[in-house]
Amino acid sequence: MLLTISCTRPDGAAWTASDLGYLLHKNPSRIQTFEQSYGEAHVFYPEAGEERCTAALLLEIDPVRLVRGKPKGTPDFSLGQYVNDRPYAASSLLSVAISTVFGTALHGRCKQRPELAETALPLRIELPAVPCKGGAEYAERVFAPLGWTVVATPLPLDPAFPDWGDSHYLRLELTGTMRLSDALSHLYVLLPVLDGSKHYWLDSGEIDKLLRFGEGWLVDHPEREWITRRYLTRRYTLVRTALARLAELDDAEPEELDAIEEITEDTVAEGDSTAGAAAEGSETEDERGPSLAVLRRAAVHRALLEVGASRVLDLGCGQGSLLRELVADRAFTEIVGIDVSMRELKIAARRMRRLPEWQSKRVTARQGALTYTDASLTGYDAAVLMEVIEHVDAPRLKALEQSVFGAAAPGAVVVTTPNSEFNVRYDGLAAGAFRHSDHRFEWSRAEFADWAQRVGETYGYAVRFAPIGPEDAEVGASTQMAVFTKQGKSDDSDEKGAA
Ligand code: SAH
């Protein structure tokens, strides 16, 4: 999926076309990649001259990730969810990318060239494939009233078989002179409107977005009603909103974090955390206090200090959020992350590249499967399994127990997992559903205690339990933690059975 935005400098203008880079907050001399929950977004400039400059936003969509993010019980599980046009067609995913990657420009802010952000620029926007079920005239009907010259060319279903006619995809070219933020807001709102894909949930936040990004143009648009109807009933971001909220409750560190940092760098303290979907999965503090993900890391960190660990394994380290927290604490001299997923490790590695040297030299992350014994994992002071066991198929859990508690046998093991009793407190989580589509089980406090006691007895560990997150009198806290300490080798055996 590709979007290009080109700008040409009018004769005598006091700016150069490559100033587009300032407006987009993306340096024309670099290729930049932003992790998105559904794949990657790349920004690069095929051309960046004084007279003409073109910025390209290329999305690489992973259809499998798109599906994996969906909660269990999503009604239409089908092959179509895996094999579809999302990787190629400019849909609402592109809107999400515009808001996360070009959020500052979308909001019309530019510290270095504030006057240029307010200037109408000669722009040309090209999209090689836009799904538009209503036909080419709809592209004309929504974009032309906003001042765009629209060339919408239907794409043939198959060029080898002209008899088959046209597909419902268009090549779309828009030319017009307007502020960049206006151009981006038109795309942000109207691409999902033209797209006819199906979407499931609706919340009032979407209405706010429509009104905010439609400000100044939607109210007078002749197709205002049609746009509004289509926008609100066909928004993929609603799915994302629901998923991002669930992800915050659960173990997923928002992958857009880098994009959020990117946006906030330029918009410090504006109190606008609504840069499209960027902030939807944000784990930053708000009026509700720190997110569960933050509390969880703090609790695990504290437990590791309490057992006096300095060489630590983070088993199932994912994108490395705990690694980054631990490495900032000099109490830990060696931190090793293990994960089965190369994709998660790639993100972890990219994030760790930004660490100062004194931190990065104490941490490594590599691939490994916890259900297989790995001799190199022996001899550590402590191991963490943070939000990992529930991702392992129940029949394989014994193999993980053996490899971690039996073979690696660290001095302490810290395990966190969702407390399923708490699920009733989450609006939007269907009864009996899991918090994350990849969870194989979620345990009540009693089930977790049974498991932990059995593992402790089998492998010679004492165990204590602690809640993480605000505690509810009836159902407990959202996350539950068990801290195992090896008996016989250490002198804190009096902890056995302590609550
Ligand atoms: N501990 C991290 C990530 C939790 S998500 C955090 O709390 O942020 C669970 C992680 O466990 C995923 O990254 C997944 O790839 C990993 N995982 C699941 N089964 C695994 C296995 N058998 N071996 C190694 N890693 C596994």
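The values are calculated or read from the model by the stated rules, or taken from the named source; none is laboratory data. All values derive from a computational prediction rather than experimental measurement. A quick note on method: Cβ atoms are made from the backbone with ideal geometry, for glycine too, and the neighbour counts reach across all protein chains shown. Protein only, heavy atoms only, side chains kept; ligands, DNA and RNA dropped before computing areas. Shrake-Rupley method; radii C 1.70, N 1.55, O 1.52, S 1.80 Å.
Give the residues of the stretch 397-411 that are surrounded by fewer than 20 Cβ atoms within 10 Å (Cβ to Cβ), in a helix (DSSP H, G or I) and more than 13 Å from the ligand (Cβ to nearest atom), sorted by residue number. The answer is G406, A407.
Within this structure, Y459 fails the test of being modelled with pLDDT under 95, out of contact with any Asp or Glu (no Cβ under 6 Å at 6 or more places or on another chain) and among the aromatic types (F, W, Y). Count of the stretch 339-364 residues, restricted to those that are within 21 Å of E401 (Cα to Cα) and either among the small types (G, A, S) or in contact with a Cys (Cβ under 8 Å, 6 or more places away or on another chain) (or both), is 2. Every condition in (1) modelled with pLDDT of 95 or more; (2) over 19 Å from C7 (Cβ atoms) is met by T54 except one, and the failing one is (2).
Go through the stretch 412-421 and count every residue that is over 20 Å from E334 (Cβ atoms), assigned to a strand (DSSP E or B) and touching a Phe, Trp or Tyr at 6+ places or on another chain (Cβ under 8 Å). Number of matching residues: 4.
Which one of T104, T119, T100 is among the β-branched types (V, I, T), open to solvent by 30 Å² or more (accessible area, probe 1.4 Å) and assigned by TED's automatic domain parsing to the domain that holds A55?
Details: T104 fails: open to solvent by 30 Å² or more (accessible area, probe 1.4 Å); T100 fails: open to solvent by 30 Å² or more (accessible area, probe 1.4 Å).
Among T104, T119, T100, only T119 is among the β-branched types (V, I, T), open to solvent by 30 Å² or more (accessible area, probe 1.4 Å) and assigned by TED's automatic domain parsing to the domain that holds A55.
Give me the residue from the stretch 368-389 that is in a strand (DSSP E or B) and near the ligand (Cβ under 8 Å from one of its atoms) and, out of that set, most open to solvent (accessible area, probe 1.4 Å). Residue satisfying both the conditions and the ranking: M386.
Conditions (1) open to solvent by 10 Å² or more (accessible area, probe 1.4 Å); (2) away from the ligand (no atom under 13 Å from the Cβ); (3) of a type in the set (D, E, K, R), marked per residue:
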residue: D393; (1), (2), (3): yes, no, yes
residue: D427; (1), (2), (3): yes, yes, yes
residue: A433; (1), (2), (3): yes, yes, no
residue: R440; (1), (2), (3): yes, no, yes
residue: R454; (1), (2), (3): yes, yes, yes
residue: T458; (1), (2), (3): yes, yes, no
residue: A473; (1), (2), (3): yes, yes, no
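Which one is nearest to S310 (Cα to Cα), of the residues in the stretch 340-367 that are part of a loop (DSSP other than H, G, I, E, B) and away from the ligand (no atom under 15 Å from the Cβ)? So, considering only residues that are part of a loop (DSSP other than H, G, I, E, B) and away from the ligand (no atom under 15 Å from the Cβ), the one nearest to S310 (Cα to Cα) is R362.
Against the list (1) free of Cβ contacts under 8 Å to residues at least 40 places away in the same chain; (2) farther than 21 Å from D381 by Cβ, the condition A452 fails is (2). Just so you know, in the stretch 312-339 the residues that are open to solvent by 10 Å² or more (accessible area, probe 1.4 Å) and assigned to a strand (DSSP E or B) include one that is farthest from the ligand (Cβ to nearest atom), and it is E334. Test R311 against the criterion of being more than 16 Å from T416 (Cβ to Cβ), out of contact with any Lys or Arg (no Cβ under 6 Å at 6 or more places or on another chain) and modelled with pLDDT of 95 or more, and give yes or no. Yes: the conditions hold for R311.
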